[in-house]
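As structure tokens, the structure follows; a few thoughts come after it.
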Amino acid sequence: MTDTRDSAEEDVGLHSLKRPGSVMSRTAYGTGWVIGWRLATRALGLLSTLVLVRLLAPSDFGIVALAMSFVSGLNQISELGTENAIIRADKHDRALYDTGFTINVLRGTFVAIMLLLLAVPASHFFHSPHFKEVVMVAAAVSFLNGFENIGIVDFRRFIAFGQEFRLKIIPRIVSVATAITLAFLLRDFWALIIAILVNQFLTLILSYRMHPYRPRFTLSAWQRIAAYSTMLWLNNLTGLLGNLGTKSMIGKLSGIGAVGIFEVGMEIASLPSTELVGPLTRSAFAGFAEIRKSGNNGAEMLVRIVGIMTLITLPAGVGLSLIATPLVEVAFGHQWIGAIPILQILGVALALTTFSHVSGTVFAVHSWMKAMIKINVTLAVVQLLLLAVLLPSHGLLGAAIAIAITQIAAQVVFFYVAIKRLDIRISEIILQIWRSVLACIIMIVTLVALGRGWTSPTLLPTSSASVGLQLAETVLLGAAVYAGSVSILWLLTGRPRGPESDLLAQISSLFKRSRSAP
């Protein structure tokens, strides 16, 4: 291992973090850890919520959620992507890491100062004297976040997401235990906000315990980070303004209640993207960056990733669309019935986000940021124009159609530009995805023919238990039809190399690791 404390020009990464195997296999393994982290987080969040809702008042949750939305908004606006800039850099030395650390400290301090300045006026605006206190603690959280050890970027750089999982899960478990304990003792919002502070403090401490790098303050390598970070910031700002514009337009033309209904439908429809595609792209960024440095443009990796993710996410998204009616009825109740058509439309449209997400990752790795910004700005304008036309006449249904059209256009544009620049033939993509697409069509036809897909609320059973049972049966039936169809098509075509064989190889590899693990 190199000396990470005193070297000025040598690679400061911990190469011992790098697992054996191909980039593709390590990316798949890393994706598994990221998905595992998301599942663990959701499980812990559900556990704490089930306990805390019985100990705290809704106003306690509201004041913390509102304060954290302030933090989230400011973090999005100030996000500079220093970690991504370090991962994709051609040369990794102390100057680069230390500059990234200094930028993060400045960013965290900026957000903290802004929160302190907004605390008093915001508390008056919301007529909540306690809001000021919560925002001040949130400022401390942001300040501490900036001082995290920049060395932990190696966990992503070397696709060692097992280490990142440990870094995050320990503070999360402690914070949940803290929140529950303090809720019993205090019975107010301080239980939640102190738990958040504990989470950040432990993460800060562990970042230095788990990685030997010790950063220093300098901006000597700012030019190596600035160009990439500035363009990434502009791209993030474009997305943030587009989302705010969409929600503002829905709220203005259809009312605040419509925004809530739309958010529920959008959140469910986005689950395959957030829980499957998101972890993949986080892991794939490091994989694409590694092979780029070796002179490989990543064309083969992109084709294989698109194939395996289409195999998984396409039926998940389309399946959510098919079962929208019983799912909303069981999960949210009859008062949220307005979210059904939104989920039905966006479930299909967002099932295709694999193409734009993976392509967007390639754009970011190769620093095609100007092209990304131009595409995103154009798509944001188109979406707002479609909303202005369709929302007044068709309500939330029109909003869903407008966003679906924009999302499908995004898949086409991003993917077309990516495969053109990487010199990938469209026939290579078709060979990877056609069996998944055909199997998905067979699933749709089967469920619709049996009256289990895209059903009307009026056709549901009268009791909630019956609706839940019907939902479970439909999910199992759809999964069986899709898996069976894919398997038969793969066997009939001679078991070619493709997403099916990649998935089986990864499952076999994980099984072997689990058996050999102590």
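Scanning the stretch 160-204 for residues that are of a type in the set (Phe, Trp, Tyr), farther than 23 Å from residue 279 by Cβ and not in a loop (DSSP other than H, G, I, E, B) gives 184, 190, 201. Of everything listed in (1) under 22 Å from residue 197 (Cα atoms); (2) aliphatic (A, V, I, L, M); (3) touching a His at 6+ places or on another chain (Cβ under 8 Å), the single unmet condition for residue 68 is (3). Filtering the stretch 140-179 to residues that are under 20 Å from residue 51 (Cβ atoms) and crowded, with 18+ Cβ neighbours inside 10 Å leaves 171, 172, 175, 176, 178, 179. When 380, 388, 439, 410 are checked against the criterion of being crowded, with 22+ Cβ neighbours inside 10 Å, out of contact with any strand residue (DSSP E or B) (no Cβ under 9 Å at 6 or more places or on another chain) and at pLDDT below 95, 410 stands alone in meeting it. Count of the stretch 344-368 residues, restricted to those that are of a type in the set (A, V, I, L, M) and more than 17 Å from residue 286 (Cα to Cα), is 7. For a quick check of your reading of the model, give me the residue pairs whose first member lies in the stretch 413-424 and is at positive phi, whose second is modelled with pLDDT under 95 and surrounded by fewer than 19 Cβ atoms within 10 Å (Cβ to Cβ), with beta-carbon atoms closer than 8 Å and at least 6 apart or on different chains. Here the result reads 423/297; 423/299, each pair linking the stretch 413-424 to a residue that is modelled with pLDDT under 95 and surrounded by fewer than 19 Cβ atoms within 10 Å (Cβ to Cβ). Residues that are in contact (Cβ under 8 Å) with a residue 40 or more places away in the chain and either surrounded by fewer than 21 Cβ atoms within 10 Å (Cβ to Cβ) or not in a helix (DSSP H, G or I) (or both) within the stretch 256-265 comprise 258, 264, listed in sequence order.
A single entry from 215, 279, 272 fulfils the requirement of being outside any helix (DSSP H, G or I) and either modelled with pLDDT of 85 or more or surrounded by 20 or more Cβ atoms within 10 Å (Cβ to Cβ) (or both): 215. Number of residues in the stretch 37-93 that are among the basic types (Lys, Arg) and at pLDDT 80 or above: the value is 2.
Residue-by-condition table, conditions (1) in contact with a Leu (Cβ under 6 Å, 6 or more places away or on another chain); (2) under 28 Å from residue 29 (Cα atoms); (3) not basic (Lys, Arg):
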{"residue": "419", "(1), (2), (3)": "no, yes, yes"}
{"residue": "465", "(1), (2), (3)": "no, no, yes"}
{"residue": "474", "(1), (2), (3)": "no, no, yes"}
{"residue": "478", "(1), (2), (3)": "yes, yes, yes"}
{"residue": "484", "(1), (2), (3)": "no, yes, yes"}
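Looking at 280, 276, 253, 271, just one residue is in contact (Cβ under 8 Å) with a residue 40 or more places away in the chain, over 20 Å from the mean Cα position of the chain (by Cα) and assigned by TED's automatic domain parsing to the domain that holds residue 394, and that residue is 253. Does residue 490 fit the bill of being without any contact (Cβ under 8 Å) to a residue 60 or more places away in the chain, within 30 Å of residue 372 (Cα to Cα) and surrounded by 14 or more Cβ atoms within 10 Å (Cβ to Cβ)? No; evaluated as a whole, the condition is false for this residue. Under 6 Å between Cβ atoms, which residue pairs at least 6 apart in sequence (or on different chains) link something in the stretch 455-477 that is assigned to a helix (DSSP H, G or I) with a partner that is not aliphatic (A, V, I, L, M)? Close Cβ pairs (under 6 Å, with a partner that is not aliphatic (A, V, I, L, M)) amount to 457/325; 467/326; 467/329; 467/461; 470/326; 471/326; 474/452. Residue-level analysis places residue 225 among those that are crowded, with 20+ Cβ neighbours inside 10 Å and either without any contact (Cβ under 8 Å) to a residue 12 or more places away in the chain or not assigned by TED's automatic domain parsing to the domain that holds residue 112 (or both).
Out of all the residues in the stretch 315-345, which are more than 24 Å from the chain's Cα centre (by Cα) and modelled with pLDDT under 90? Result: 329, 330, 333, 334, 335, 336, 337, 338.
The values are calculated or read from the model by the stated rules, or taken from the named source; none is laboratory data. Please read all numbers here as calculations on a predicted model, not as lab measurements. Every residue, glycine as well, gets a Cβ built from its backbone with ideal geometry; the counts of neighbours run over all protein chains shown.
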